[in-house]
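The structure appears below as structure tokens.
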Amino acid sequence: MYSGNVRGHAFRMRPGDSLMQTLKQSAETIFERPEQQQADGKSIAKSAFIMTAVGSLSSVKLRMANADAKNKYNEIKVYPDTKFEIVSMTGTFAPGGKCHVHISLSDSTGAVIGGHLIEGTIYTTAEVVLGSIEGVSFDREMDKATGFTELVVRKSD
């Protein structure tokens, strides 16, 4: 287990924005920010995670949790032109656009769905706070035990 100082990075998405694309771009911006650089130019922040998020979506694409190492089939569910409230979102980001994000959403009846976020489109807003941990590096590498690319946590240089 590795620890470091946590820094929050807040932003808001607007109607029509791509949720996943904006999350990935925002994480990359954190990794590249001048205040996140050491004197030699190396990044202090090599990890990012979702601290909190609220908002709404007008469409979403989710991958369900029914795959394993032997059967990599994942059911994909697409909800076009369907309004949802974001009730929970969590995930990790590594440099190079690597990420793993889960989301829970409620529909107009209050029914909740969730899964692995593939893509979503912002309906009214998304208010997001990403965190970064100084001195901690996230990466994603193939795990022979699971058969999937999984999170690897290391102490940063």
(message) Would you confirm whether or not region 59-74 contains a residue that is open to solvent by less than 70 Å² (accessible area, probe 1.4 Å), touching a strand residue (DSSP E or B) at 6+ places or on another chain (Cβ under 7 Å), at pLDDT 95 or above and under 21 Å from Val152 (Cα atoms)?
(response) no
(request) Identify all residues within region 83-95 that are aliphatic (A, V, I, L, M) and either open to solvent by 70 Å² or more (accessible area, probe 1.4 Å) or assigned to a loop (DSSP other than H, G, I, E, B) (or both); write none if there are none. (result) Val87
(request) Six or more apart or on different chains, Cβ under 6 Å: which pairs go from a residue in region 1-24 that's more than 23 Å from Gly96 (Cβ to Cβ) to one that's open to solvent by 80 Å² or more (accessible area, probe 1.4 Å)? Could you list them? (result) Arg12/Glu127
(request) Have a look at Thr109, Thr124 and point out the one that is free of Cβ contacts under 8 Å to residues at least 24 places away in the same chain and surrounded by fewer than 16 Cβ atoms within 10 Å (Cβ to Cβ). (result) Thr109
(message) I'm trying to understand the selection: among the residues of region 1-52, which are at pLDDT below 90, in a helix (DSSP H, G or I) and open to solvent by 20 Å² or more (accessible area, probe 1.4 Å)?
(response) Glu32, Pro34, Glu35
(message) I'm told Pro80 meets every condition in (1) open to solvent by less than 70 Å² (accessible area, probe 1.4 Å); (2) without any contact (Cβ under 8 Å) to a residue 24 or more places away in the chain except one. Can you identify the failing condition by its number?
(response) (1)
(request) For residues that are under 16 Å from Gly91 (Cα atoms), exposed (fewer than 15 other Cβ atoms within 10 Å of the Cβ) and hydroxyl-bearing (Ser, Thr, Tyr), tally how many sit in region 128-157. (result) 1
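The values are calculated or read from the model by the stated rules, or taken from the named source; none is laboratory data. Everything numeric in this text was worked out from a predicted model, so none of it was measured. Note that we place each Cβ from the backbone using ideal geometry, even for glycine, and neighbour counts take in every protein chain shown. Side chains included, ligands, DNA and RNA excluded: accessible areas come from the protein's heavy atoms. Shrake-Rupley method; radii C 1.70, N 1.55, O 1.52, S 1.80 Å.
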